[in-house]
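Below is one structure, written out as structure tokens, with a few remarks after it.
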Amino acid sequence: MSEPAKTPASNFVRQIIERDLADGKHSVIKTRFPPEPNGYLHIGHAKSICLNFGIAEDYQGGCNLRFDDTNPEKEDQHYVESIQRDVSWLGFHWDGAVRYSSDYFDQLHGYAVELIEKGLAYVDFLNAEQMREYRGTLTQPGRNSPHRDTTVARNMALFQQMRDGQFKEGECCLRAKIDMASPIICMRDPVIYRIKFAEHHQTGDKWCIYPMYDFTHCISDALEGITHSLCTLEFQDNRALYDWVLDNISIPCHPRQYEFSRLNLEYTVMSKRKLNTLVQEGFVSGWEDPRMPTIAGLRRRGYTPSAIREFCRRIGVTKQDNVVEMAALESCIRDELNETAPRAMAVLDPVKVVIDNYPTGVLEQIESPRHPNKPELGSRTLPFGRELWIEREDFREEANKHFKRLVLGGEVRLRNGYVIKAERVDKDADGTISCIYCSYEPESLGRDLPDGRKVRGVIHWVETTTAVAAHFNLYDRLFSVANPGAEDDFRTVINPQSLVVQQGFAEPSLASAVASEPYQFERQGYFCRDCSNEQALVFNRTVALRDTWAKLADKA
RNA sequence: UGGGGUGUCGCCAAGCGGUAAGGCAGCGGAUUCUGAUUCCGCCAUUCCCAGGUUCGAAUCCUGGCACCCCAGCCA
């Protein structure tokens, strides 16, 4: 696109950064994107990615990619690979090597020992249920664990035994000694290390104790010299613990955490747990199913990195809860593809047309522009002959004035071709139209009718002997309600029409279409070839064209 | 009912005491060999509510109300 790059929208995070820069608090900005490798990235992550990497770019700073991998049971190397692929595909570059929280396990362990030495952490033997009871409730303070006053020396020995694998999972854990009466629940002596005899995708079997998020994240940020640690709203309470940890260990750096609201999109779900359910239970073909709100799904659907970035720019960054309409996303990809996608013709639900007065056995080649408003995109050749496929819904035996397509006895323009007139039809035994017989106006190619008569409608078509058979995957919203997450069981509101497969024909130039190359099938929408099938010609509909006619209640 | 947050057009979202940006959606109309695109025009006397301060308030104060998050050895 030739338009000047859109300026990034300012937001409260950027204002904080600009202030910190102006005050001299920081001279270089450092952010990080810290996913847990327990699933694929989705459009909500794209918001965070655009924020973190966008800030690094715009303020000449850096952004780390760090896998927050402190729970080996839920994580997998496959996800760390998919995440790197998706971040790169979105067009961002992380600063230096990929980082892992697990890179810091030794240091984290050292800081845990420091807390124990300072009398600020203890090994507790309460089981999960007891710990919940001791924690109190939202309105009642908690009570101290009977193990809270164990001596430093004893705690040191116990923690060493935990590390040495001398306790069973769940038998004990390490807790920070803060305040069981704190109104902030996560400050009531939070667990900071627990026992897990699990193989870790990065550290193998080196450890049987793993640090918790709240203990790990702040220290990892500090170790990496992060200046602004940006996360979502649900971590607002955790900020107190983030600061407590850094204030109580000997570490020179204290990053500041700021929270913004996560993205919610209508008619889909955004939690990894729910997306995982859709994959595991076969409601979709996988994380890359084009109906998924994942980056990989959107990519296969035909979305581009720039359209996703533009979407993130448009929605902004605030602390307000939000539910963005699907139309906002769709408008981003339409705006881009309208400029970049070459036009082509494909008939998704074909019915045959025979032009009685067109010579048999003749094929003429019609040179047609690839883009109506961009001659620089060149042209392609369209074969035209006596028999064509047109869209079944583009013909009616009779219709009122609103129907601008082919009607018995009426005329219509074949896109890039001649004007034809429907004369009669053949029908199957069940009444289905099997063939439409037409006549054509030989003087109408590339010009108006000789007598100045106006033809109101234009329909697309393909010539039968040269057309290539193709499958078209027509995608629609995955759920039939705007907020599926609010249902008792979101699986019950999956849209049964979320994928409709049609068999039709495409113009010959499409036989060599490659995945990732977009097309506009005129009057239908934007499509791209599916990447999963090299042999068969399969197209995914990225998004339909805007259709104001379909919205009219009184259409023909 | 403890603590932490948020309330500006149907949906996002600017605004930071000087008299309500923009985008999406919608609605008119023009152009059009895509019912697309493009183009022109319309779309918050009002900012959750009620008081107060001020020459002046969406912005400051007081009091309400609504919604979201927190009681994992998840992140």
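The values are calculated or read from the model by the stated rules, or taken from the named source; none is laboratory data. This is a predicted model, so every value here is computed, not measured. Cβ sites come from the backbone with ideal geometry, for glycine too, and all protein chains shown count toward neighbours. Just so you know, the surface numbers come from the protein's heavy atoms only, side chains and all, with ligands and any DNA or RNA stripped out. Shrake-Rupley method; radii C 1.70, N 1.55, O 1.52, S 1.80 Å.
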Alpha-carbon centroids, region A:263-317 and region A:341-409: separation in whole Å: 35 Å
Residue pairs, from the table A:Lys118/A:Lys319; A:Lys352/A:Lys551; A:Lys374/A:Lys427; A:Lys272/A:Lys551; A:Lys206/A:Lys272; A:Lys272/A:Lys374, whose Cα atoms sit over 31 Å apart: A:Lys118/A:Lys319; A:Lys374/A:Lys427; A:Lys272/A:Lys551; A:Lys272/A:Lys374
Gap separating the Cα centres of region A:157-193 and region A:1-73, nearest whole Å: 32 Å
Positive-end residue, region A:407-556 charge dipole about Cα centroid, Cβ charges, pick of A:Gln503, A:Ala469, A:Val458: A:Val458
Cα gyration tensor shape of region A:274-343, rounded if a/c is under 1.5, else prolate or oblate by comparing a/b with b/c: oblate
Between helix A:238-248 and chain A: long-axis angle, C-alpha atoms, 0 to 90°, nearest 10: 40 degrees
For A:Arg370, residues with placed amide H under 5 Å, excluding near neighbours: A:Gly378, A:Ser379, A:Arg380
Protein-only accessible surface order, largest first, of A:Glu199, A:Glu234 at 1.4 Å: A:Glu199, A:Glu234
Solvent-accessible surface (1.4 angstrom probe) belonging to A:Ser331, in square angstrom, nearest 10: 40 Å²
Charge tally in the Cβ shell below 10 Å around A:Arg299, where Lys, Arg are +1 and Asp, Glu are -1, A:Arg299 excluded: +1
Cβ-placed point charges (K, R +1; D, E -1), dipole of region A:1-75 about Cα centre in debye, nearest 20: 180 debye
Radius 12 Å from Cβ of A:Thr70, net charge of other residues (Lys, Arg +1; Asp, Glu -1): -3
Computed accessible area, A:Ser10, all protein chains, 1.4 angstrom probe, square angstrom: 80 Å²
Accessible-area composition of chain A, carbon plus sulfur, in percent [1.4 Å probe]: 47 percent
log₁₀ of I(q)/I(0) at q = 0.07, 0.12 Å⁻¹ - chain A, Debye sum with one point per alpha carbon: -0.56, -1.16
Solvent-accessible ranking of A:Ile178, A:Ile116, largest area first, probe 1.4 Å: A:Ile178, A:Ile116
Tail weight of P(r) past 18 Å, computed on alpha-carbon pairs of region A:1-140, percent: 69 percent
Dipole magnitude of region A:103-187, debye to nearest 20 (Cβ charges: Lys/Arg +1, Asp/Glu -1, about Cα centre): 300 debye
Residue-span extension gain [A:Arg546 to A:Asn357] - 0.36 nm each, minus C-alpha spacing: 64.5 nm
Surface accessible to a 1.4 Å probe, A:Lys206 within the full protein complex, Å²: 120 Å²
Note, ³J(HN,Hα) from phi for region A:450-457, Karplus 6.51, -1.76, 1.60, rounded to Hz, x at Gly and Pro: x, 8, x, 4, 9, 10, 7, x
Net charge over other residues, Cβ less than 12 angstrom from the Cβ of A:Met156 (K, R count +1; D, E count -1): +1
Å² per residue, accessible surface of chain A at 1.4 Å: 45 Å²
Debye, to nearest 20: dipole size of chain A, +1 on Lys, Arg Cβ, -1 on Asp, Glu Cβ: 840 debye
Bins of 10 Å from zero: percent of alpha-carbon pairs in region A:456-556: 13, 35, 30, 17, 4, 0
Sequence of A:Glu325, A:Glu391, A:Glu441 when ordered by accessible area, the most exposed leading, probe 1.4 angstrom: A:Glu325, A:Glu441, A:Glu391
Estimated D of region A:451-502 in µm² per second, where Rh is the Kirkwood radius over Cα pairs and Stokes-Einstein applies at 37 °C, 0.692 mPa s: 216 µm²/s
From phi via Karplus (6.51, -1.76, 1.60), per-residue ³J(HN,Hα) for region A:101-114 in Hz, x at Gly/Pro: 4, 5, 4, 9, 4, 5, 5, 4, 4, x, 5, 5, 4, 4
Dimensions in Å of region A:80-200 - Rg and Dmax from alpha carbons: 18.0, 53
Options A:Ala222, A:Leu174, A:Val269, ranked by Cα towards positive dipole end of region A:152-272, top entry (Cβ charges): A:Leu174
